[in-house]
Every structure is written in C-alpha cells, then in structure tokens.
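Take a look at the structure set out below.
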Amino acid sequence: MITEFLSDTFMIKATTMDHLFQNVLLILLRIVVTVYTYLTIPIYYFLQKPNDILKKSKKIRAKQLNPNDPKSIWFSVLDRKDYCGSVIDIVETIDEMCNKIGEYLSLKDRAVGYRRVIREYIVYGTDGITPLKSDGKIIKKRELSDYDWLTYEQLFERKNMIAKGLLRTGIKHNEPIAILCETCAEYLMMEFAIARAGFVQVNVFATLGESGIAHAIKETNSKYIFTSWDLIPKIRSVIQTYNLNVKKIIYIERRAENVSMEIIEKEQHFIQPINQAQFVSLNEIESDGRQSSNDDDNDNDEMICKPLDKNQVAFIVFTSGSTGIPKGVQLTSNQMIQVCHQMLPSLSEYICNGQKNIYVAYLPQAHIFESTCEFLIFALGIPIGFASPFTLTESSPGLATNTKSDLVLLRPTFMISVPLVLQRIQKQIYNKLESRSSFHVQLFNYLMKYKIDWTEKGYKTPLINKIFCKKIREQFGGRLDKIIVGGAPLSTNLQSLIKAALDTKLVQGYGMTETCGACFAMDNDDLSYGRSGPPMLNVYAKLDDWNDGGYRTSDLPHPRGELLVGSKANCLGYLNNPEATNELIVKDKKLGINWIRSGDIAEVFPDGTFKIVDRKKDLVKMANGEYVSLGKIETTLKNCGYIDHICVFGNALANYLVALVVPNAEKMGHLAKIHRIPNEALRSMNHRLSDILLKSVRETGIENGLKKMEIPTKIQIVSDEWTSDNEMLTAAMKLKRCSIKSRYFSVINDLFDDSYGNSTEI
C-alpha cells in the first residue's frame, strides 16, 4: 500500500511538472509568434494584398427583385466571363450527355478509377469469436491494388452492352429498377445503362432499415434489383421477411480475388434463388448484351434502346426517412441536367482542365448530393476515383497492414463531404495528437486559432501551412484543393478548423432531395463561416413568415423565415402521395417554376448569402413559452470530443432540456485514465464519468455560444450503438428522433422527473 501511494504521488508530481514545462514552452512560443507576426506584417501586407481578398469576400452575391420588400425574391449575381463551355450546355438528358461528351473532351481520357481487392478477411475481437463492427457493419480487412482506370470509350462500350443485356432479361420500357448498391464504378455504369435503355432508376439507400427498403420496392413495384455482393444478405432478408414479388436480382460478383475459407462457407448460399427471385451477375448481363450485338447484323442501337423523354419521370429517389417513412421523390432526366447547370459556377475552376484534377467518390450514390455531383464531374472530364469509407484514410478500419489508403493513392483535388465525415476527421486528428502528448494538442489549437484569425483578416499563413498543415494534407493525398459540404448543418467551429488544418477551400452548400440536390453554395472568395452561400445559377429564393416559431421577414438585423426555393430542377412531387406533394409544392405560373417549401428556417444577409438557422420540425416549445431548436443544439454539442451521437429532448411541461448521449469509447477510455477511474467503472459508465461528461457538454455549449436554457441539464449515457440498421439513424446518418424517442420513452420520462438526478448507463 505504501509503495502504491508513493508511486501515485510520484506520478502526480511528474505530471504536474510536465504540465508546467509545457505551459512555459507554449507561452514562449506565443511570444515568438507575436513578435514575428508584427515584424513581418508589412511584408505580408505588400505581398498578399489582404484588402483585395476582403473586398472579394464582401461582394454582393445575390439581389432582390424589390429591395424594399423583405419577402421579395432573391436571385444570384454571377460573373461567368471566364466560362469556356461544357457538354451540359447542349444536352437535355443524361443519355444525351453520354452521347455528345466526345465533342468536348477526348474519349481516350481517364473516366473512372477503382481498386481491385486482392485479399479479404474478417477481424475478430479479443474473444476471438465476435467480429468487430463499424457503423453496424462487420469489419473486413482488405489488401487492395493500386488504381485501375477505364477511359470514357471503355466505360461507354460497357454501358451500352449492359443496357442491351438488361433488355434481354425481359425488363420493359419505362419499368423501374431499384438500385440498392454500395458506392462503386459499376453503380455509375448502371445509371448510364438504365438511361440508355429507357428504364426508371429507383435510388434506395443501402443503409436504410429493412422496413424502409421493403417500402421503397413495394411503392415503386420494382421487380428488378441491382445490388453489390456484400448487400445480398440484406436483400434476401427483405424479400423473405416482407414476401416481395421480385423477379431478378442483378449483382456485382465478389470483388476479392482471395478470401478465407470461412468467408466462402458463410457466403455459399448468397445467390441461391429465394421465393421466385433469380440471381444473375452483372458480368452475365454484360455478356448477354455483347452477344445481342453480335447477333444483330445491323447492330441498330437506336432500335434496341429507347431512352425516356426528357420530361418523363426517370428517377425515383427515396429520402433517408429522418421524419418518418422514406418518400419517393420523382425527377426527370432533364431536371438532372438542370441541376448540373446550377452547379457549374461552383466548379468553374475545373472547367476545361478536368484531367489535371481528380474527384474522390465515397459517399452513397443513392444520395442526391453525390449522384448529381458525379454526373457533373463526369461531364466536365474530371476523373472519378471510387473509394470506400472503410479504406478511405490511413485510420480507416478496413485497411489491411501495409495497404495504402484510397486518398493517399488517389491524391484527389476535389471532394464533397457531409458534417459527420468531417467530425470523424477532426477526431482522427486529435487522437493522433493526444497519442503524442497534451502539448501537441495545445500547440495545434493555438496555431489553428492563429491561422483562422488571420485568414478572416485576409492573410495567409505560409509557415504554418508548410510546417504543420502539410503533414495533415499528406493523409489526404497532398493535393486536396476544395471540399464542398452539404447534407446536414455544419457548425462554424468544425468548418473553420477543418478548413485551416487541411489548408483547403471548404465551402458549404444547401439542397434537398426535393430540389434535385444543391441549390445554394458558397464561393471560394467567401470568408464567412456557417452560411450556405447565395442561390445558385437560375435558382430563386424567398422567405415566408413563420409566426408560431417567432421567425419573420421583418426581424432585425436580418430577415428570417421559412425558406422557399424556386427552380426548374425542382421535383415533380412525391410518388403516390398527393397530399404531401400539395404541402411541398407551390406553383408559380409567372416564372414557370415550382416553389419548394423546405421546412428550414433561413436568415438572409445583405450580401445575398443565406444561413440555415433552424428547422420547423426541430423546434420545441418550453413551459415558459420559449422555442428552442433541438437540431441546432445537437449540431453544436457534437463539437464535444467525447460524443459520437447526442439526441436532445424538450418537454412542454419543463423549462429545461435533457439528452441521450452515445459516447466515443476511445475518448471515454482516455478520460477514465486521466481521472484514474478503473476499467470496471468505465464499463458501467459510473456517475463520476457521467458528471464529467455532462460538465464537458456544458463547457462545449458555452464555448460555442449556446444560451443557458439551450444546454441540457441532465444526460443519459447510452451504451447501445446507433446505426441505420437498428433504425436509430437514417440512411444519411442523421438522427431518427421519432425512433429514438420511442425506444427510450421511459428513460426520457425519467430524465424529466425532477426527483431523478443525472444518470449513468442504460
């Protein structure tokens, strides 16, 4: 006992000395940096011309038809003098784009890249029995090849053969094909083949729960499904559980060239018929199409394939189901082209120099954001390198030993992202820093804050970029020039930190499945954070008062209200749901467009940029009559490093909020070590850990500008994993508040019981 006491005392003293030394070192560094800054500022002022940068940042980006009416329509003010044209300007459908793209670029250029799986094996936990999982999926370690590339010519040849092969299977013109597939090059080829053959593409998130998938297949009456190998068990389960009437399942064959016998045994039943459904591989479909071409002497492709008209429903894209049952959004091929037109100015720097750049595709292609971006990127001649979230970065769980990550090999210049991915990048950066020492964390925070502050003044920080940011950029290939973020609200702190650390342009956009993707986006010159930019090209926007929530166009200092978006790219409505369609769409005969009621609350600034500040369905009324935004609070509190997921709840009979928290296991382990909490207590998430976590949540809220009443008073630590498979998250990895509330109903009620103190684990 005495020995342990002396040992603990010595460790405490040593730790105190380390902290003291680190603080002194950091103070000295701050002095050196401050002296250097003010000695060199005249040089940087002359070379970098910060006033010009600030002038560009403050330029007017959108104007109103009637500046005196706060409800008047906003439209973008764009300078397209350097625009050199693209195939998007001369086509009206996706199939036309494929046919005429050769007029703007060489068909010998690289189009899509992919990696072959050389070897694949399952990873087990410490017990040697339970497979490790990430986001609810079993982790398979993969040894991967370098990137192989298909040219436009090769891709189109395969696309045409697949289209003919699909017709030979008996699929009729204008018949739906449900795509339930992981992100890959074959997905893009199938999209082009469907457009060529004249079928209707049904986009279904692979991460939807079984009930959501069954609903999408039944709602569209899809008899044919296209899927990837790893999703076959899910497809089989859905067909069997819901007794679906599916004729054929077209699948991508197993990618791995070498797999363990254990995997082969588990997967040997994958392609056995189920109910009346038969399995046929994509290779067989392509081979049948090739045989069809050989049998046809004239090879009259126009007689065989009959693409849909530009105004026919060509896509049914299902939402992720954050507010209930996923809805099928009906879109035409022409609307896909229209949204590509809208997005062109946001990618103006890549037009006419596509082959010098590379785009990395890793988000679900069922997501309208990824899908439309791929169409535009493809049209601009930018090579698309396909990647997987499980092998994307050096820290990804699916990478086998000595296998390089997708980003390191691909070296992309452009990518899109969602806040969840950026949060994981942020955590990876801090995990690596903490593994070195707490001093590295303090140093990084100081330098990033320094860089963010001077960037807002119009300056660049070349020394920080070269010495510190370069090492982080190398994890992303070293060439990343731009990231566009959408899909969910992005917190100001996260946006500024990732932009600074990766030393890249990071702009936020806004869109919905119902608007066929992006309709707002920041430009490269905008130095603001948290905004979504102005309306895109040919997009109109206006605000409508929402008196119940206290948002009005007469608000000061800036007008606020529900955002309405007008565009020719807006959807036709929801499939088989006229009531919801009528609530969504407002027809405008004068402009010849449909307005979409977004359900989001926006604030518009004098320069014409918009900021999403709330969501109507996320607002709850407190007992004192005040409204609070649960979504905004959750987005803010996720900046707390100890949290993976947080769901906040309000109650009309209470004047405080409560929250369910799924903690980050690795960070909680580190926290327990710091506070000398034993492993047994960590496993049970005792009251002490809960109190420490609640304190951290409060500190995060205060630091990020939340009001006292917006910070949860009580939290409940949840040991369950929240995934889309267990219906806690949507397919787009957003919270399913209704499902969470239903599952933890009694726990939430206990939290609102004033006799119930702060809690531990459930």
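Here are the numbers for this structure:
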read-out: Yes/no for residue 394 being touching a residue at least 40 places away in the same chain (Cβ under 8 Å) and part of a helix (DSSP H, G or I); value: no
read-out: Sole residue being under 30 Å from residue 188 (Cβ atoms) and loosely packed, with under 14 Cβ neighbours inside 10 Å, chosen from 89, 52; value: 89
read-out: The stretch 699-744, residues that are in a loop (DSSP other than H, G, I, E, B) and among the acidic types (Asp, Glu); value: 720, 721, 725, 727
read-out: Boolean, residue 180 is in the same structural domain as residue 276 (by TED's automatic domain parsing), modelled with pLDDT under 95 and either buried (at least 24 other Cβ atoms within 10 Å of the Cβ) or of a type outside the set (Gly, Ala, Ser) (or both); value: no
read-out: Residue ID - nearest to residue 22 (Cα to Cα), chosen from residues in the stretch 427-451 that are at pLDDT below 90, of a type in the set (S, T, N, Q) and part of a helix (DSSP H, G or I); value: 438
read-out: In the stretch 491-508, the residues that are farther than 12 Å from residue 419 by Cβ and not aliphatic (A, V, I, L, M); value: 496, 499, 503, 504, 505
read-out: Of the criteria (1) buried (at least 23 other Cβ atoms within 10 Å of the Cβ); (2) more than 20 Å from residue 101 (Cβ to Cβ); (3) among the aliphatic types (A, V, I, L, M), which one residue 193 fails; value: (2)
read-out: Within the stretch 304-318, considering residues that are touching a Gly at 6+ places or on another chain (Cβ under 8 Å) and of a type outside the set (Phe, Trp, Tyr), the one nearest to residue 161 (Cα to Cα); value: 305
read-out: From 223, 266, 218, 248, residue being over 11 Å from residue 180 (Cα atoms), surrounded by fewer than 15 Cβ atoms within 10 Å (Cβ to Cβ) and modelled with pLDDT of 95 or more; value: 218
read-out: Selection from the stretch 398-419 of residues that are surrounded by 20 or more Cβ atoms within 10 Å (Cβ to Cβ), farther than 19 Å from residue 506 by Cα and among the aliphatic types (A, V, I, L, M); value: 399, 410
read-out: Matching residues in the stretch 185-215 - criterion: being at pLDDT below 95 and among the aromatic types (Phe, Trp, Tyr); value: 205
read-out: Positions within the stretch 623-656 being among the hydrophobic types (A, V, I, L, M, F, W, C) and either over 17 Å from residue 707 (Cα atoms) or out of contact with any helix residue (DSSP H, G or I) (no Cβ under 7 Å at 6 or more places or on another chain) (or both), in sequence order; value: 623, 643, 646, 647, 652, 653, 654
read-out: Some residue of the stretch 578-593 being in contact with an Asp or Glu (Cβ under 8 Å, 6 or more places away or on another chain), of a type in the set (A, V, I, L, M, F, W, C), in contact (Cβ under 8 Å) with a residue 40 or more places away in the chain and over 22 Å from residue 372 (Cα atoms); value: no
read-out: Which listed residue is at negative phi and in contact with a Leu (Cβ under 7 Å, 6 or more places away or on another chain), from 197, 216; value: 197
read-out: For residue 416: the one exception among (1) modelled with pLDDT under 90; (2) assigned to a strand (DSSP E or B); value: (1)
read-out: Per-region count, the stretch 461-495, residues surrounded by 15 or more Cβ atoms within 10 Å (Cβ to Cβ) and either over 24 Å from residue 407 (Cβ atoms) or hydrophobic (A, V, I, L, M, F, W, C) (or both); value: 14
read-out: Count of the stretch 190-211 residues which are in a loop (DSSP other than H, G, I, E, B) and out of contact with any Phe, Trp or Tyr (no Cβ under 8 Å at 6 or more places or on another chain); value: 5
read-out: The stretch 355-390, residues that are surrounded by 22 or more Cβ atoms within 10 Å (Cβ to Cβ), in a helix (DSSP H, G or I) and over 20 Å from the mean Cα position of the chain (by Cα); value: 379
read-out: Filter result (more than 14 Å from the chain's Cα centre (by Cα) and hydroxyl-bearing (Ser, Thr, Tyr)) within the stretch 391-424; value: 391, 393, 395, 396, 401, 403, 405, 413
read-out: Selected residue [at pLDDT 85 or above, more than 30 Å from the chain's Cα centre (by Cα) and not assigned by TED's automatic domain parsing to the domain that holds residue 488] from 677, 692; value: 692
read-out: Matching residues in the stretch 106-137 - criterion: being closer than 25 Å to residue 192 by Cα and under 24 Å from the mean Cα position of the chain (by Cα); value: 111, 112, 113, 114, 115
read-out: Filter result for the condition that a residue is touching a Ser or Thr at 6+ places or on another chain (Cβ under 7 Å), crowded, with 19+ Cβ neighbours inside 10 Å and of a type in the set (Lys, Arg), over 611, 617; value: 611
read-out: Among (1) buried (at least 21 other Cβ atoms within 10 Å of the Cβ); (2) under 23 Å from the mean Cα position of the chain (by Cα) - the single one residue 230 does not satisfy; value: (1)
read-out: Count - residues of the stretch 231-255 that are without any contact (Cβ under 8 Å) to a residue 60 or more places away in the chain and under 24 Å from residue 139 (Cα atoms); value: 11
read-out: Looking only at the stretch 553-571, and only at residues there that are touching a helix residue (DSSP H, G or I) at 6+ places or on another chain (Cβ under 8 Å) and in a loop (DSSP other than H, G, I, E, B), the one that is surrounded by the most Cβ atoms within 10 Å (Cβ to Cβ); value: 569
read-out: Verdict on residue 241 being outside the structural domain of residue 735 (by TED's automatic domain parsing) and touching a strand residue (DSSP E or B) at 6+ places or on another chain (Cβ under 8 Å); value: no
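Let's see how each residue does on (1) surrounded by 22 or more Cβ atoms within 10 Å (Cβ to Cβ); (2) not in a strand (DSSP E or B):
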site: 636; (1), (2): yes, yes
site: 646; (1), (2): yes, no
site: 653; (1), (2): no, yes
site: 656; (1), (2): no, yes
site: 659; (1), (2): yes, no
site: 662; (1), (2): no, no
site: 666; (1), (2): no, yes
site: 670; (1), (2): no, yes
site: 677; (1), (2): no, yes
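Yes/no matrix, rows are residues, columns are (1) of a type in the set (A, V, I, L, M); (2) touching a residue at least 60 places away in the same chain (Cβ under 8 Å); (3) outside any helix (DSSP H, G or I); (4) under 30 Å from residue 201 (Cα atoms):
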position: 40; (1), (2), (3), (4): no, no, no, no
position: 43; (1), (2), (3), (4): yes, no, no, no
position: 47; (1), (2), (3), (4): yes, no, no, no
position: 51; (1), (2), (3), (4): no, yes, no, no
position: 59; (1), (2), (3), (4): no, yes, yes, no
position: 70; (1), (2), (3), (4): no, yes, yes, no
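The values are calculated or read from the model by the stated rules, or taken from the named source; none is laboratory data. None of these values were measured; they are calculated from a predicted model. Note: ideal-geometry Cβ built from the backbone for every residue, glycine included; neighbour counts use all protein chains shown.
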